[in-house]
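The values are calculated or read from the model by the stated rules, or taken from the named source; none is laboratory data. Just so you know, these numbers come straight off a predicted model, no measurement behind them. Quick reminder, even Gly has a Cβ in these numbers, built from the backbone with ideal geometry, and neighbours come from all protein chains shown.
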Amino acid sequence: MELRIKELKIKDNRRLICISDIHGELDLLQQLLDKVGFCSDDELIILGDIFLKGSKPHETLRYVMMLTVRPNVHVVRGNCDFAWGRDVWPDGTDYLDDADKAWLDDLPHIIETDSFVFAHAGLEPGPLNAQNPAYCMRNEAFLENAPEFDKWVVVGHWPVDNYCHQIPSSNPIINKEKRVIAIDGGCVVKGAGGQLNALIYQDNAFSWQYVDNCPKITIAKPQAEKAGTYHATWPSPQAGSTDHMLQLAAGDVVSVIEELDDRYFAKKDGIKGWILKEE
């Protein structure tokens, strides 16, 4: 497999938006782009795993292909974008045509700018032109094993929830020492607790937004936080994976991941934990 690197020049005043691991959730992708107000003045980087799994895999792929007609939309290839073929479709049908496959085969494994390097899963130590494309697309727990980089390295692939061993969170993780940012919110692969993240860089500052498919409730009674002491990260259990109690104020809106008789397992601002039901 030949390594593909795309060099990209981004003007200093442009907002940079990065999304990864959409996994066939077209509706969430469209909601997220609307939420962040994506427009022609932005640069959008999609970090791969566009379409496998999810509720609308082929529709999502075609939508992203359509987006890349714009000069400000760029995509790197993920492991799921490489693994197309009859052996990976649940119904045994390969719904990709030759144009789809040619588009996927032409995707770069790395995008480099003046300040950032984007890859789906990670980078090995050493120059970019010596990278192994298979490693760029599939590398587990990259943030834990990554060296320090001169530029910011932004990756997806490994759900950030897997790095959280006490308080579960699906929010991007920014490691300033290593200059590595992990943004995979676990959309689809973390079940109801996953979310689709958008990392935003503007005016030398990072922020993020997310969307999920969870039903929402409004909190009527405050609840004090009780910090978690454990979080079972993999496989991806929902209720029972943590003992963390969420900090809540009246009027907070939360995402309900699972409802039990006396409590909810829920998410507030990307952080997961328990909410006791009112008696």
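Does any residue in region 93-105 that is in the same structural domain as Pro133 (by TED's automatic domain parsing) and modelled with pLDDT under 85 come within less than 6 Å, Cβ to Cβ, of a residue that is surrounded by fewer than 17 Cβ atoms within 10 Å (Cβ to Cβ) and not small (Gly, Ala, Ser) six or more places away or on a different chain, and which pairs are these?
Asp94/Arg86; Tyr95/His58
For region 51-79, give me the residue count where each residue is in a loop (DSSP other than H, G, I, E, B), aliphatic (A, V, I, L, M) and at pLDDT 95 or above. Full working, then the answer.
Kept after step one, since they are in a loop (DSSP other than H, G, I, E, B), are these residues of region 51-79: 51-56, 68-72, 76-78.
Pick out the ones that are also aliphatic (A, V, I, L, M) and you get 52, 69, 76.
Cutting the leftovers down to at pLDDT 95 or above gives us 69, 76.
Number satisfying all stated conditions: 2.
Residues being surrounded by 14 or more Cβ atoms within 10 Å (Cβ to Cβ) and not in a loop (DSSP other than H, G, I, E, B): count how many of those fall in region 90-104.
Number of matching residues: 3.
What do you reckon, is Leu3 touching a helix residue (DSSP H, G or I) at 6+ places or on another chain (Cβ under 9 Å) and part of a helix (DSSP H, G or I)?
no
For region 169-279, please list each of the strands (runs of 3 or more DSSP E) lying entirely inside it that holds at least 3 residues being over 29 Å from Pro147 (Cα atoms) and in contact with a strand residue (DSSP E or B) (Cβ under 7 Å, 6 or more places away or on another chain).
So the answer is 216-218, 253-259, 263-268, 271-276.
Within region 11-46, can you find the residues that are buried (at least 17 other Cβ atoms within 10 Å of the Cβ) and either in a loop (DSSP other than H, G, I, E, B) or not assigned by TED's automatic domain parsing to the domain that holds Asp114 (or both)?
Across region 11-46, the qualifying residues are Ser20, Asp21, Ile22, His23, Gly24, Glu25, Phe38.
Gly251: on the phi > 0 side of the Ramachandran plot, outside the structural domain of Ile45 (by TED's automatic domain parsing) and either modelled with pLDDT under 95 or out of contact with any helix residue (DSSP H, G or I) (no Cβ under 6 Å at 6 or more places or on another chain) (or both), yes or no?
So Gly251 passes the test.
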